[in-house]
Amino acid sequence: MSIRVAAVADIHLSEAQRGTYRERLDGIEERADVLLVGGDLTRHGTLGEGKIVADEFRGLPVPVVFVLGNHDYHSDVEQEIMAVLREAGCVVLDDSAETLLDGRLGIAGGKGFGGGFAGKSASEFGEPETKAFVRHTREIAERWRTALKSLDTEYKVVLSHYSPVKETLAGEPPEIYPFLGSYLLAEAVDAEGADLIVHGHAHHGTEKGMTPGGIRVRNVALPVLQRAYATYCLDAEEC
């Protein structure tokens, strides 16, 4: 039986949206087996906003898996936000992996980070600030490889905030591509294998792309989808 993955990112909830997103999830169990949320859950990364997110997704009839995005780090309480989401019964990945649906589905990933794409990317060379920027992404990619390797499941999906490919950034200014994702993320997933990668962050990007290794990539930022979530079947192009 196919697994149906619902996914969205960049919901940017604050007090003004309290109670509004939950209404858009009514009946999700009829259309999906799991819901993935790819970061930028909040506007300013406050703990109060994190609690609003937890309330919106608490008690859904399908498993919910989150990663954080750059907005969720802004107020330096990202660990506290992750804790309230977990207290609400949700899974939060932080360069880690989780097995769901009776062992059939493995989800790996985390926030990701930037640096750019092959041929037009930053390198771990020069000033310490530049080396630290690229090293951060490389270390994340290595943790993703470890997380994927740990999964022994029928299907594997990677959940990220930053993009692993430039194709799903089309529509964004090329000058900011290095701050929207990195090819190192795609290299890690291609090395270990997955059935699907979903990400957000690129509000003006494009939904569909593919890694060099042929893995489907989907930009599920809410402004791109223009709907509460998209649904993808893991043994077919789309549901």
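FYI, it's all coordinate maths here, none of it is from the lab. Keep in mind that what you see is a predicted model, and the values were worked out from it rather than measured. Heads up, the Cβs are rebuilt from the backbone with ideal geometry, glycines too, and the neighbour counts pull from every protein chain shown.
A few remarks follow.
- Convex hull per residue volume in Å³, alpha carbons only, for the range 85-155: 107 Å³
- With q set to 0.17 Å⁻¹, the log10 of I(q)/I(0) for the range 27-79, from the Debye formula over equal scatterers at the Cα positions, is -0.54.
- Diffusion coefficient of the chain by Stokes-Einstein, Kirkwood radius over Cα pairs, 20 °C, 1.002 mPa s: 122 µm²/s.
- Efficiency of FRET from Cβ geometry, LYS131 and GLU29, R₀ 41 Å, rounded to 0.05: 0.30
- From its DSSP helices (H runs of at least four residues, each -39,500 (n - 2.57)), the chain gives a residue-normalised ellipticity at 222 nm of -7500 deg cm²/dmol.
- Of the two radii for the range 1-140, the radius of gyration is 1.02 times the Kirkwood radius, both from the alpha carbons; that is the Rg over Rh value.
- Sorted by Cβ density within 10 Å, fewest first, the residues LEU68, LEU169: LEU169, LEU68
- Positive end of the dipole of the chain (Cβ unit charges, origin at the Cα centre): among HIS161, PRO223, ALA141, the Cα lying farthest that way belongs to PRO223.
- Pairs of Lys in the chain closer than 28 Å at Cα, counting only those 8 or more apart or on different chains: 17
- Relative contact order %, the range 4-233, counting alpha carbon pairs below 8 Å whose residues are six or more apart: 21 percent
- Counted over the chain, the DSSP beta bridges are approximately 35% antiparallel.
- Ranked LYS166, LYS149, criterion: other C-beta atoms within 10 Å, fewest first: LYS149, LYS166
- Here the scattering of the range 157-221 is modelled by Debye summation over its C-alpha atoms, one equal scatterer each and no solvent; at q = 0.27 Å⁻¹ the log10 of I(q)/I(0) is -1.15.
- Neighbour counting of Cβ atoms within 10 Å sorts the residues PHE66, PHE133, fewest neighbours leading, into PHE133, PHE66.
- Cys with no candidate disulfide partner in the chain (beta-carbon separation under 4.7 Å rule): CYS90
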